[in-house]
Each structure stands twice: as structure tokens, then as C-alpha cells.
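These notes concern the structure reproduced below.
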Amino acid sequence: MISTAGKKDTERIKSVQEFQGKQAYSRSKFYSDKVRVSVGAGTCGLANGAADVLAGLRDEVGTSGLDFLVRQTGCIGYCQVEPVVDVLAPGLPRVFYHYMSAGKARQLVRAIAEGDFHPDWALGRLSRDQLLVRSERDFSSKPNGLSTVPKLEELPFYKAQLKIALRNCGFIDPHDIEEYIATGGYSALAQVLASIDPEDIIDLVEKSGLRGRGGGGFLTARKWRACRQAHGYPKYVLCNGDEGDPGAFMDRSIMEGNPHAILEGMTIGAYAIGSDSGYVYVRLEYPLAVENLQIAIEQARAYGLLGPNILGTDFSFDVEISRGAGAFVCGESTALMASIEGYSGEPRAKHIHTSEKGLFGQPTNLNNVETWANVPVIVNEGAQWFARIGGEHSKGTKVFSVVGKVKNTGLVEVPMGVTLRDIIYDICGGVPDGRAFKGVQTGGPSGGCLPESLLDLPVDFERLVEAGSMMGSGGMIVMDDHSCVVELARYFTEFLTRESCGKCTACREGIVRMLEILEQITCGKAVREDMDLLDELCCYVKDNSICGLGKSAANPTLSTVKYYRDEYLAHIEQRRCPAGVCRELTKFVVIPDRCKACGRCVKTCPVKAVRGREKVAHTIDQDKCVRCGACREVCPFDSIAVA
Amino acid sequence: MIAVFESKKMPLVKTVVNGKHIEVERDRWALDVLLEMGVAVPTLCHHPAVEPYGACRLCVVEARKGKWTWLTTSCDLQIREGLNIETDTPSVIRSRRMSMELILSRAPHVESLQRLAADLGVGRPRFGPHYDIGKCILCGLCVRVCDRLIGASAISFVGRGRRRSVTTPFGAASESCTGCGACIAVCPTGHIRSFVEESALNIETWNTRLEMIDCKVCGTPFTAAKLLESVQGRLGKGGSLERVCSKCRRLQMCKRLGEAFHQV
Ligand SMILES: Cc1cc2nc3c(=O)[nH]c(=O)nc-3n(C[C@H](O)[C@H](O)[C@H](O)COP(=O)(O)O)c2cc1C
Ligand code: SF4
Ligand code: FES
């Protein structure tokens, strides 16, 4: 794809003073007297038809001869309501429109040309230009004719959110470095290069309390300092964009929607550590992230913000993209480094830290995408500002991707310390279709499943671990009462038997044997003693594996056994799956009193197992039934139950 | 033994092994120290000729440093000041037994594994054999020896997780295998099968067939032509190799010694 930034602009910025000029120029361009229409075209937007919407917009603007800017942005996080279009017009608050189509987008631009902003299609308006970063324009008290449109920041989905890592996602065009600069981008780097010593940056990050967002929650400053103090040249600075956890997509969203934030963070980190080269390791399955990062790297080089003598100083730093091997285990630090070196992604024991001997045997510092994206904001807003957000030991915000049985799926960035209930109910709207909440899996395959009784648990690194789960990268899968926790544990365990690198006995063999037992339970062939063997295996795998994959592989099983023991026992002793998921152990029946004989289940059943006549309660032919549960999902009267 | 990994002289540090206070060179491998002290430690993926790998997990010990206690393999653990190592705590014994049981269940008929299992008090594994993998326990010794010592890299691990196995590229006949047999020698279970047939060395497990050279003296094929070539290549002009098998060479040597003895 071609960069939309004008070629004439791509001169090097030769000094910090010149950068300030560039900033003023970029701002005036961004908030110009032209209408700017953009489409959220991250992977999620594209999957929902954003490409058509964009094509429709471009075509309409062209054929109607309108002097509008058409741009594409990343994702604003509200994936449920995509495709999203937003309009930034002079003198008006920025308006976001949801559920757009190519046709609606064409109509919208025609209407705007005539001064009608179609408030009825709007999702919300922004009082300021972004949800976090200070902005030039403030419309909080003057909606200018758009008073019927709710304030975006007051929508339930956004009210409790605070966007630091996601600050620009969905607000700027990731293909245009000047839009990033216009919204405050690279000002932290300029400030650092102009006036802060490397050691002082590490102190600043230390005071902010920033901890790694890649899962373990390591103190970022401590890692930087160890790497700075390690002997050896060159030193490497790496970004972990592997994101192999199924259901998680926060790092993707940042790489796609705000790639310069990562580059700026890494450059500041490299300056603090004393490194001059780095890699961004991106998952193979993320082509758009690679593309947007590549464009960002090239633009940053052209502007003199990457490469030799950044902003005319004697500090040099450059970044390359390394494409992942598509394996979950490649997100593990030593496996990631082996993979960049061209070897297969196999972890090694970390008796010697990678800050001493990492990539190519050199001192190396690895941080997660989200961690890096936080760094410029800490520099700009100050350590104290950052440290005031969040809980006691977990500072700042964390991005979660919330999927599964919630009304609003999407990316949510909240101050750490908010409760699971805040996220699942207040922001994401709770469980749809009147179903009951059953549990939430946090931290992906390495995390655990937490029950309703823990909904008021504050979400931070320590509390999640205490509860038998972990923060992981921030994936959250919400389940309703039609989900079986044994099946959940089986699913993640099966994933891990494939994704373990297979080097060590504990993980490779142990997880396979755990899976065998879980399979026996889900198909009703297990006995009571199997639970003891399962427990023995879990503890063994946890204690004896080389890397984090094996060490945390038992979490899904251990947590579900801990919180839902009765459900395991029902499978084993009563040969019954209470949730109606495990087919061998399920029998669906119609509760005659509730059945209104509406006939929906009769139409839905794929094998014609439901018999029914008008006005007579229906029945299910157990010999034909394949236990898919389709009738239960469509029944409006809740009259299909698990026997 | 090949002294590839000898480190430079390191200062002595104080450590404790099973309650005994000792002083050892910093950075030495804990397993080597334990074995020197006569502490029995089971191992399957370790060989002194190659660097530690930490895959079989049999050599686990309980390490303690300051307030931290953790289970760790000793083969890839380096000695540092203040490290405290215990080799027979309940958790060490439990872990070793489970590792052994899991390894044995991959290849239950291998005698060397049965013996080691018996030593550790492991009887019949509670897990059935479940996939057809021969006798391989994925210790990686063959891969490491072929790569690091021989320099041929003819075999490698392929596949992840439960699908992991050792094979030649694409499972085809190896182009870089010289037929040195180091992998066969180092394999703890006898997984790698080979035989000589019609003047050719067949390493069946690697799907590789190599022409052999006949002994100048007795006429029996005695080594792969490629191996001779590769060794000759390494020697360069430094020496030339005689095409004589080891049996005949020994005989020649005896003869020469005998003659020398009579001359005195
Ligand atoms: C199996 C496994 C997978 C991991 N995957 C990721 C990943 O996809 N992204 C990530 O940032 N960290 C991942 N990690 C954590 C990294 O090893 C590492 O701790 C992290 O990238 C460090 O960055 P941070 O300090 O900024 O969190 C993974 C760890 C393990 C054990
Ligand atoms: S714990 Fe699993 S993924 Fe990690 S090194 Fe061992 S086998 Fe590989
Ligand atoms: S000998 Fe240490 S793990 Fe195998």
C-alpha cells in the first residue's frame, strides 16, 4: 500500500528546534479547514466490511468533487459496532458513526456537504479530540448542533476507560507520521534527546511503576537498568508482538493503529539502555501489522526519527521487523530470540538472564508492544501522573480484549485495579440473551477460569495470580451457563499439546497425559482416581517445565478443578455434563409446562429429532438427537433443559 | 572427551551440597560437581561432549538461594556463591519419578529405560503408549552431537509439541550425513537402526544409504566413503588416511610391535 504522506514533506528533521516547527505544521494540517472523513480499517474493521466502506467513501468524494480528506485509521476498540466512520470537521466536535455500509457512507458525505451531520447514525461525539491526550479543541460545552448525539466518552463502553496505550488507535491514520506528530507523537523523544540523561529516564520509568504488559508484570525499569549495566556491545532492544494467545488482539490493534508509539517507545528505551539496534518481532498471522509497522519505520527514517543521528543528535537507533514463526511458544523471550537468530523457537533455561546474554549472545532487553506504547506518555505526562493511575503495585492501565458471551466485545483499556465486574458488566454490557454468567478465562491458555464469586476481584498482576489465573497478555473470554468448564480446560490443554515446543519431558509428555484424562472426563470414561492423577500431573508440569508455557499450562485445569469441582464430579460420577456441552454426557429434554409449541426448535433441529404438533408440547427423539443444543439456543421460553 | 566447553579459570565460591559445605569454581555445571562428589544423579539427555540441554528433566535438584527455593535441572545450572543444592528431597524424588514414568511410557520396551526406572522406583507406567514413535525419547543427543561435534547437521527436530520428532530434512535421504555413526553411539535407547548390506551402510532411521570402502587388506567394507573423505578433508595436508579397517590395522600394529621386540 502506498503511504498517503506527501513526498515533499519527507525531509529529515535536523534538530529538536526543527521538530517543534514540524509539530506546529502537522497540527495545522490535521486540524485544517477541510473535512476529514476516516474509516476504522484495522483487521477487525476489515473483517466487518471496512474496505467496502472506504471504497464507497473515496468514490463518492471523487465523483461529487468534494474537497474532503479520506483517511483510514485503526480500531477504536468498539469492535461490536463496526464498521466505524468518523468525521472531523472544522468548528465541530469529532463524530463517530457505527454500523456503516458503503451506501450509508456515500449518503453521509453527500449530507455533510450540505451541512447535515446525520446525528441519527452517530455513535457519539468527542468533546475533545482524543480520549486522553490533551487537544487543541474543546467542545464539551458547545456541541454546535450535535446535542442529540451522546458524548462518546460518556457511553457506558467508554466511561470507565482510560486510553494510554490505545490513545491514537482509531483516531489517526497510521500511515501518516504527521498525524502522529500532530497528536503529540515524538515529542517525548524530542524532549528526551534534548534534555534528559539515560539514567534519569530509567529513574523516571522506575518512579512511574511501569510493569511489563506481556504477562509476567516485570518491572520495566529494573530490566532496562540490568541491560544498561551489562557489559557488551552491541546491545539489542526488542519488541514482542507475537501475541499467540487465542482470542487476544490488543497488540495487533496497537501495531496496526498506532505503530509510531511503539517505535517512539523503543527509541527512548534504546537511548536509556545504550543500544543502537532493535527488532520488532511480529506474529506471522498479522500481515496488516507488519505492513503498517514497515510504513511507519520507513517514514520515521525519512523524518530522521530513526536511523543515524536522530534529530541531529549523536544518538542513533534503527529497527527491523522480524516475522514470527507462527507459534505460541515463540512469544517466550528465549524462544523469540532463537527465532530471530534463525533457529527454531525453543526456550532455554534462564539461569543467565537475557539482559546479560540474549539475542546473538549480547545484552538484550525485550518488552511487550503495550509496554513500549506506554513509555512516551510517561515521559510526556510525568511519572507521578502515571503512578496515580491504577492500584498499589500495578500502575497505569491495561488493555483487555473481551470476547465470548458479552454484549459488547472489543478492546477495553482500564486503570488497573478495576474489578472484573466493571469490565464485564459496566463496560461490556454483561452476558447477552438473559443468560447467567458462568466464568471468565483471563490470560488465555496460561491463565485460569474465575467464577462468579470472584467478579469483584480487582484486576491487577498479583490478585489474578493469587486467584490461580494470571494477567497474561490481557485476553478475557467470558462464558455463560451454556459453557462447560471441563471442556474449556480440555480445549486449552489441547491447544498447549500442539503449541508446546516439545523440548522438555514435563511439558511435552505431561500435558498430553493431562489431555488424555480430560478427554476421558468429557466423554464419561473417567473414574474418581483420575482426578488425583490429573492433580499430580498438573503439579508436576508446573514445577518441572523449562519455560513459562509449561509452568503455566496447568492453570486452566487447576483453576476449573478448584472453582468448579462439582461440575467435574458430575461428569465422573453421574456421567452428566450439567452445561449440556459434552455430547456423550448430555440429554436434552423439553419441559412440557414451559413449551408453548411454537415450533422453532422443530425448524432448527438439523436432524429432525424434535417432534411436535400445534398446541402440544414438543418432544425430542433421543435416538436421533446429536446433542448440538441448537434447539436450546433458539427456544424463546427456555423450555429445553439438560436432563 | 572433547574439551570444547572448558571455561577460563574462575574464582572459588562457597556452596552447599546435601548439607556439605564445599568450594567450587564459579560457573561450573552443578551436575558435574555432583557426579564428582559421588552423588548419584540420573540423566538421559546429558553427555559430557556437548553442552547441556535440559530436556529430560531427570537431573532435577532442589536449589535454594536466599529466600528462594526452586526445582531445577542440575545439568544446565551453574554454580554461584551461596547456592544450596539438595538432591534427595521428597519433591526431587517425586519429580524424577514422574519424568521417568512419562519417558518410559513413550518407549516401555527399552531395557536401558526399564533399568533406570527400576533404580528410581518406577514400575509399570500408568500411561499407555499412544503414538508410534519407535524408541526415541527426544533427548536430542544425536541432534546436538551431529551439529556441534561432527558439524554435519544432518538431522534435526521437526514439529512442535506432541508431534516433535528427529529426522533428516523432509525425511529424505540426508545429503550431509557422512555415516560417522556418532548418533548411534550416543543414543541412550538404541532407536537409530543401521546395517551393512552390499557394500553400503544403511542408516535406516535416517533413510540414508552410503557407499562403503573396502579394506585394502581383508577386502571387507569398513567405512563410509563420505566419512573418509570428510576426515581427509579436515586433516588437509597434515596426514593421509590408509584404507585399512580397524581390525587389520590392529593386526598390522601387533605384527610391527612383535618385529620390533625381536630386534631388540
Ligand atoms: C509461552 C509464552 C508465550 C508468551 N507470549 C508472549 C507474547 O505473545 N507477547 C508478549 O509480549 N509476551 C509474551 N510472553 C512473555 C515474554 O516471555 C516476556 O516476558 C515479555 O515479552 C516481556 O515483556 P514485558 O516485560 O514488557 O512484559 C510469553 C511468555 C511465554 C512463556
Ligand atoms: S516448557 Fe514446553 S514450551 Fe517450554 S521448553 Fe519445555 S517443552 Fe518447550
Ligand atoms: S540431564 Fe539434565 S535435563 Fe536431562
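Which of the residues spanning region B:126-167 are away from ligand 3 (no atom under 16 Å from the Cβ) and outside the structural domain of residue B:191 (by TED's automatic domain parsing)? Residues satisfying the conditions are B:126, B:127, B:128, B:129, B:130, B:131, B:132, B:133, B:134, B:135.
In summary, residue B:118 fulfils each of the numbered conditions (1) away from every other protein chain (no Cβ under 13 Å); (2) among the small types (Gly, Ala, Ser); (3) in contact with a strand residue (DSSP E or B) (Cβ under 9 Å, 6 or more places away or on another chain) with the single exception of condition (3). Might you let me know whether region B:42-56 holds any residue that is outside the structural domain of residue B:183 (by TED's automatic domain parsing), open to solvent by 70 Å² or more (accessible area, probe 1.4 Å) and within 16 Å of the chain's Cα centre (by Cα)? Taking every residue of region B:42-56 in turn, at least one turns out to be outside the structural domain of residue B:183 (by TED's automatic domain parsing), open to solvent by 70 Å² or more (accessible area, probe 1.4 Å) and within 16 Å of the chain's Cα centre (by Cα). Every test in (1) assigned by TED's automatic domain parsing to the domain that holds residue B:231; (2) surrounded by fewer than 20 Cβ atoms within 10 Å (Cβ to Cβ); (3) without any contact (Cβ under 8 Å) to a residue 12 or more places away in the chain is passed by residue B:115 save one, and that test is (1).
Evaluating residue A:247 against the criteria (1) within 24 Å of residue B:162 (Cα to Cα); (2) surrounded by fewer than 24 Cβ atoms within 10 Å (Cβ to Cβ); (3) within 14 Å of chain B (Cβ to nearest Cβ) leaves one unmet condition, (3).
Give the residues of region A:555-590 that are in a loop (DSSP other than H, G, I, E, B) and either among the acidic types (Asp, Glu) or under 21 Å from residue A:452 (Cα atoms) (or both), sorted by residue number. Passing the criteria: A:564, A:577, A:578, A:579, A:580, A:581.
Here's the yes/no breakdown for (1) open to solvent by less than 40 Å² (accessible area, probe 1.4 Å); (2) away from chain B (no Cβ under 14 Å); (3) closer than 30 Å to residue A:242 by Cα:
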{"residue": "A:526", "(1), (2), (3)": "yes, no, no"}
{"residue": "A:544", "(1), (2), (3)": "yes, no, yes"}
{"residue": "A:551", "(1), (2), (3)": "no, no, yes"}
{"residue": "A:557", "(1), (2), (3)": "yes, yes, yes"}
{"residue": "A:600", "(1), (2), (3)": "no, yes, no"}
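For the structure I just gave you, tell me whether residue A:538 is surrounded by fewer than 24 Cβ atoms within 10 Å (Cβ to Cβ) and within 16 Å of ligand 3 (Cβ to nearest atom). No.
Checked against (1) assigned to a helix (DSSP H, G or I); (2) at the interface with another protein chain (Cβ under 9 Å from one of its Cβ atoms); (3) open to solvent by less than 20 Å² (accessible area, probe 1.4 Å), residue B:162 meets all criteria but (3).
Can you find a residue in region A:499-522 that is open to solvent by 30 Å² or more (accessible area, probe 1.4 Å) and either within 16 Å of ligand 2 (Cβ to nearest atom) or touching a residue at least 40 places away in the same chain (Cβ under 8 Å) (or both)? No. Just one of the numbered conditions (1) within 14 Å of chain A (Cβ to nearest Cβ); (2) open to solvent by less than 20 Å² (accessible area, probe 1.4 Å) is not true of residue B:154: (1). The set of residues in region A:376-416 being surrounded by 19 or more Cβ atoms within 10 Å (Cβ to Cβ), in a loop (DSSP other than H, G, I, E, B) and over 18 Å from the mean Cα position of the chain (by Cα) consists of A:389, A:394. Would you confirm whether any residue within region A:222-236 is away from ligand 3 (no atom under 16 Å from the Cβ), within 22 Å of residue A:164 (Cβ to Cβ) and either open to solvent by 20 Å² or more (accessible area, probe 1.4 Å) or within 14 Å of chain B (Cβ to nearest Cβ) (or both)? Yes, some residue in region A:222-236 is away from ligand 3 (no atom under 16 Å from the Cβ), within 22 Å of residue A:164 (Cβ to Cβ) and either open to solvent by 20 Å² or more (accessible area, probe 1.4 Å) or within 14 Å of chain B (Cβ to nearest Cβ) (or both). Please tell me if residue B:99 is small (Gly, Ala, Ser), within 22 Å of residue A:511 (Cα to Cα), open to solvent by less than 20 Å² (accessible area, probe 1.4 Å) and in contact (Cβ under 8 Å) with a residue 40 or more places away in the chain. Spelling it out, residue B:99 is indeed small (Gly, Ala, Ser), within 22 Å of residue A:511 (Cα to Cα), open to solvent by less than 20 Å² (accessible area, probe 1.4 Å) and in contact (Cβ under 8 Å) with a residue 40 or more places away in the chain. Could you tell me whether residue A:265 is open to solvent by less than 40 Å² (accessible area, probe 1.4 Å), away from ligand 3 (no atom under 16 Å from the Cβ) and part of a helix (DSSP H, G or I)? Yes. The single residue among A:140, A:127 that is on the phi < 0 side of the Ramachandran plot, open to solvent by 20 Å² or more (accessible area, probe 1.4 Å) and modelled with pLDDT under 85 turns out to be A:140. Please verify whether residue A:347 is in a loop (DSSP other than H, G, I, E, B) and open to solvent by less than 10 Å² (accessible area, probe 1.4 Å), treating the condition exactly as stated. Against the criterion (in a loop (DSSP other than H, G, I, E, B) and open to solvent by less than 10 Å² (accessible area, probe 1.4 Å)), residue A:347 qualifies. Of the listed requirements (1) among the hydrophobic types (A, V, I, L, M, F, W, C); (2) within 13 Å of chain A (Cβ to nearest Cβ); (3) touching a residue at least 40 places away in the same chain (Cβ under 8 Å), residue B:127 misses just one: (3). Considering region A:52-110, and only residues there that are in a loop (DSSP other than H, G, I, E, B) and among the aliphatic types (A, V, I, L, M), the residue that is most open to solvent (accessible area, probe 1.4 Å) turns out to be A:66.
Here is a yes/no grid of residues against (1) part of a strand (DSSP E or B); (2) open to solvent by less than 40 Å² (accessible area, probe 1.4 Å); (3) within 16 Å of residue B:45 (Cβ to Cβ); (4) within 16 Å of ligand 1 (Cβ to nearest atom):
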position: B:136; (1), (2), (3), (4): no, yes, yes, no
position: B:174; (1), (2), (3), (4): no, yes, no, no
position: B:180; (1), (2), (3), (4): no, no, no, no
position: B:189; (1), (2), (3), (4): no, yes, yes, no
position: B:196; (1), (2), (3), (4): yes, no, no, no
position: B:202; (1), (2), (3), (4): yes, yes, no, no
position: B:205; (1), (2), (3), (4): no, yes, no, no
position: B:209; (1), (2), (3), (4): yes, no, no, no
position: B:216; (1), (2), (3), (4): no, no, no, no
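Checking the stated criteria, residue B:106 turns out not to satisfy the condition of being of a type outside the set (Ser, Thr, Tyr) and open to solvent by 20 Å² or more (accessible area, probe 1.4 Å). Taken as a whole, the structure places residue A:320 among residues that are part of a strand (DSSP E or B), open to solvent by 10 Å² or more (accessible area, probe 1.4 Å) and either more than 16 Å from ligand 3 (Cβ to nearest atom) or closer than 22 Å to residue A:458 by Cβ (or both). Screening region A:428-462 for residues that are crowded, with 20+ Cβ neighbours inside 10 Å and of a type in the set (D, E, K, R) and picking the one that is modelled with the lowest pLDDT gives A:460.
Only one entry of B:58, B:113, B:71, B:102 meets the criterion of being within 16 Å of ligand 3 (Cβ to nearest atom), part of a loop (DSSP other than H, G, I, E, B) and either more than 11 Å from every other protein chain (Cβ to nearest Cβ) or at pLDDT 95 or above (or both), and that entry is B:58. Annotation note: of A:171, A:157, the sole residue that is buried (at least 22 other Cβ atoms within 10 Å of the Cβ), over 25 Å from residue A:67 (Cα atoms), among the hydrophobic types (A, V, I, L, M, F, W, C) and modelled with pLDDT under 95 is A:157.
The values are calculated or read from the model by the stated rules, or taken from the named source; none is laboratory data. The structure presented is a predicted model; accordingly, all values stated were derived computationally and were not measured. So basically every Cβ, Gly included, is an ideal-geometry build from the backbone, and we count neighbours across all protein chains shown. For the accessible areas, the whole protein counts, side chains as well, though only heavy atoms, and no ligand, DNA or RNA atoms are used. Shrake-Rupley method; radii C 1.70, N 1.55, O 1.52, S 1.80 Å.
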